[in-house]
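The values are calculated or read from the model by the stated rules, or taken from the named source; none is laboratory data. Every value quoted in this text rests on a predicted model; they were computed, and no experiment measured them. With ideal geometry, Cβ positions are generated from the backbone for all residues, glycine too; neighbour counts draw on all protein chains shown. For accessibility, only protein heavy atoms count, side chains too; no ligands or nucleic acids. Shrake-Rupley method; radii C 1.70, N 1.55, O 1.52, S 1.80 Å.
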Amino acid sequence: MLADLGGHPVLLWCLQAGQVAGCFSEIVVVAPAEKRAAVAAATRGRDGVRVIAGGATRTASSWAALDAAGDADVIAIHDAARPFVPPSLFRRCVEIARAEGSAVAGLPLADTVRRADEAGASREEIEREGLWAAQTPQVFRRDVLERTRAAAGARSFSDDAAAVVAAGLSVKMVPGERRNLKITTFEDLSYARELVDKGLVGLAARQVTG
């Protein structure tokens, strides 16, 4: 979240894209409790940004964000580890979620998918038709998230879309962006820095044109 990327914290790239998107009245950053002060310092001076402490799990952190979202009718949840999200993807997902209840960015799988055992031996090929790799943003109407939280109880899920599906509600998949990569390892961060250094990606512009 605070690792340097092109002279700015990774988080700032996400905030910039969210603010340029122009479809959010406020951005709530959910940070681990022990890092809340550092994250608040890194975002100081950015209007419309608030930092809160998250929960023990991803799902608990989502519910904390839901409580902090006031009376917002549509809520977008985005990984701070995805710095290259384009503002247009936020806008597209918000528009679809407002109409259909949900919009989850993702990419249809193009590679062959195989299941292997613990030793790495291939056991079966999985039909990839209809399979998507989920990204964020994941955007939902408030009523969908409230119903999901009531059904979830104390359970935790890998992402918010999984919680919504477990509650018996539908999730609309929306074509995402290949550049919307997730930084989870040092190798990922090195690759992201290489893209920035080569000028292949940049911070979202302050003003939206067109």
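Looking at the structure I just gave you, is residue 68 aliphatic (A, V, I, L, M) and over 14 Å from the mean Cα position of the chain (by Cα)? Break it down into steps so the answer makes sense when it comes.
Numbers: aliphatic (A, V, I, L, M): yes; over 14 Å from the mean Cα position of the chain (by Cα): yes.
The answer is yes for residue 68.
Restrict the check to region 23-38 and report whether at least one residue is out of contact with any helix residue (DSSP H, G or I) (no Cβ under 9 Å at 6 or more places or on another chain) and open to solvent by less than 30 Å² (accessible area, probe 1.4 Å).
Checked against the condition, which is being out of contact with any helix residue (DSSP H, G or I) (no Cβ under 9 Å at 6 or more places or on another chain) and open to solvent by less than 30 Å² (accessible area, probe 1.4 Å), region 23-38 yields no hits at all.
Kindly indicate whether any position in region 31-48 is within 25 Å of residue 174 (Cβ to Cβ) and not aliphatic (A, V, I, L, M).
Yes, that holds for at least one residue.
Anything in region 36-88 that is farther than 28 Å from residue 154 by Cβ and either assigned to a loop (DSSP other than H, G, I, E, B) or in contact with a Pro (Cβ under 7 Å, 6 or more places away or on another chain) (or both)? List them, or say none.
42, 44, 45, 46, 47, 48, 83, 84, 85, 86
Quick check: anything in region 130-147 surrounded by 15 or more Cβ atoms within 10 Å (Cβ to Cβ) and more than 18 Å from the chain's Cα centre (by Cα)?
Yes: region 130-147 contains one or more residues that are surrounded by 15 or more Cβ atoms within 10 Å (Cβ to Cβ) and more than 18 Å from the chain's Cα centre (by Cα).
Quick one: residue 121 ticks every box in (1) modelled with pLDDT of 95 or more; (2) among the hydrophobic types (A, V, I, L, M, F, W, C); (3) over 17 Å from the mean Cα position of the chain (by Cα) bar one, so which box is it?
Among (1) modelled with pLDDT of 95 or more; (2) among the hydrophobic types (A, V, I, L, M, F, W, C); (3) over 17 Å from the mean Cα position of the chain (by Cα), the lone unmet condition for residue 121 is (1).
Among 103, 154, which is small (Gly, Ala, Ser) and either outside any loop (DSSP other than H, G, I, E, B) or buried (at least 17 other Cβ atoms within 10 Å of the Cβ) (or both)?
Testing whether each residue is small (Gly, Ala, Ser) and either outside any loop (DSSP other than H, G, I, E, B) or buried (at least 17 other Cβ atoms within 10 Å of the Cβ) (or both) leaves just 103.
Does residue 129 satisfy the condition of being without any contact (Cβ under 8 Å) to a residue 12 or more places away in the chain and in a loop (DSSP other than H, G, I, E, B)? Even if it seems obvious, please write down each step before you answer.
Values: without any contact (Cβ under 8 Å) to a residue 12 or more places away in the chain: yes; in a loop (DSSP other than H, G, I, E, B): yes.
Yes.
Does residue 200 meet the test of being more than 21 Å from residue 93 (Cα to Cα) and open to solvent by less than 50 Å² (accessible area, probe 1.4 Å)? Reasoning before the result, please.
Values: more than 21 Å from residue 93 (Cα to Cα): yes; open to solvent by less than 50 Å² (accessible area, probe 1.4 Å): no.
It is false that residue 200 is more than 21 Å from residue 93 (Cα to Cα) and open to solvent by less than 50 Å² (accessible area, probe 1.4 Å).
Looking only at region 170-194, count every residue that is surrounded by fewer than 18 Cβ atoms within 10 Å (Cβ to Cβ) and either free of Cβ contacts under 8 Å to residues at least 24 places away in the same chain or over 16 Å from the mean Cα position of the chain (by Cα) (or both) and tell me the total.
Here the count works out to 10.
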